[in-house]
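Each reported figure results from applying straightforward, stated rules to the coordinates on display, with no laboratory input. Computed from a prediction, not measured in an experiment: that's the story for all the values here. Using ideal geometry, Cβ is built from the backbone for each residue, glycine included, and neighbour counts are taken over all protein chains shown.
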Amino acid sequence: MSGVTPRLFVISGPSGAGKGTLVARVREQHPGLGLTVSATTRAPREGEIDGQSYYFLTDEEFKRRVDAGEFVEWAHVHGNSYGTLVSEVQSKLAAGSSLILEIDVQGAFQVKERFPEAVLIFIQPPSLSILQQRLRDRGTETEQSLAVRMSNAEAELALADRYDDVVVNDDLDQAVHDLLEVIQKHERN
């Protein structure tokens, strides 16, 4: 596309903020955005497919890849490890189009260190109570895991001011519009 500079966008925010839904909707409207598949040690949820939803790795395989320097970022979150493989990022950027990473807050800052030109975008829920209800509505959380996610959410929200842009996901259509606008603004600069 003429006048567009390919960018590396990093989308993060608390679990339950709607990152996955927003990224999917934005990619429908901006199909040129490349997307990497993250690796994780957590068990697959119903309907998730290895190599498409995530690369599901054992703890041992994940550690081997960390030790080999194969991750651009990785973190231990909610009792599991998650990471983005360098090979995934390099192959997408080499294609000359913008790339969108959906990763946790810890990983976002790791990416910014390695790729200073990366644009960090924080997806913020309208409130902690709405976030908690969204997590409950998933039906995948125990009371213990919900408490961990809510505690992590509070800490992550405190870091939102370190991001290049913040999009509040209160109304999904408005949040999709806002996120698309932020992406297009940075591609034009």
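Of the beta bridges in the chain, as assigned by DSSP with both residues counted there, near 30 percent are antiparallel. Once divided by 2.2 N^0.38 Å, the Cα radius of gyration of the chain becomes 1.00.
Using C-alpha pairs under 8 Å with a sequence gap of at least 6, the mean separation divided by the residue count of the range 8-188 gives a relative contact order of 32 percent.
Amide H to amide H distances under 5 Å link L8 with L99, V119, where only residues 5 or more positions off or on other chains count and H is placed in the peptide plane. Could you name the lysines in cross-link range of K185, using Cα to Cα under 20 Å and dropping any fewer than eight places away on the same chain? Leaving aside lysines fewer than 8 places away in the same chain, those within reach of K185 are K19, K112. Backbone amide hydrogens, once placed in the peptide plane, bring V77 within less than 5 Å of Y82, excluding anything fewer than 5 places away on its chain.
In order along the range 136-143, phi translates into HN-Hα couplings of 5, 5, 4, x, 10, 9, 7, 4 Hz, rounded to whole numbers, per the Karplus curve 6.51 cos²θ - 1.76 cosθ + 1.60 with θ = phi - 60° and x for Gly and Pro. Charge tally for R162 (other residues, Cβ to Cβ under 13 Å; Lys, Arg +1; Asp, Glu -1): -4. When you filter the trypsin sites (Lys or Arg not before Pro) in the range 136-167 for DSSP loop state and at most 13 other Cβ atoms inside 10 Å of their Cβ, nothing is left. For the range 43-101, trypsin sites (Lys or Arg not before Pro) are listed when DSSP marks them as loop and at most 10 other Cβ atoms sit within 10 Å of their Cβ; the list is R45.
Basic side chains Lys and Arg get +1 at the Cβ, acidic Asp and Glu get -1 at the Cβ, and with that the dipole of the range 40-106 about its Cα centre reaches some 100 debye.
Of the GluC sites (Glu not before Pro) found in the range 114-160, those in coil by DSSP whose Cβ has at most 14 other Cβ atoms within 10 Å are E117.
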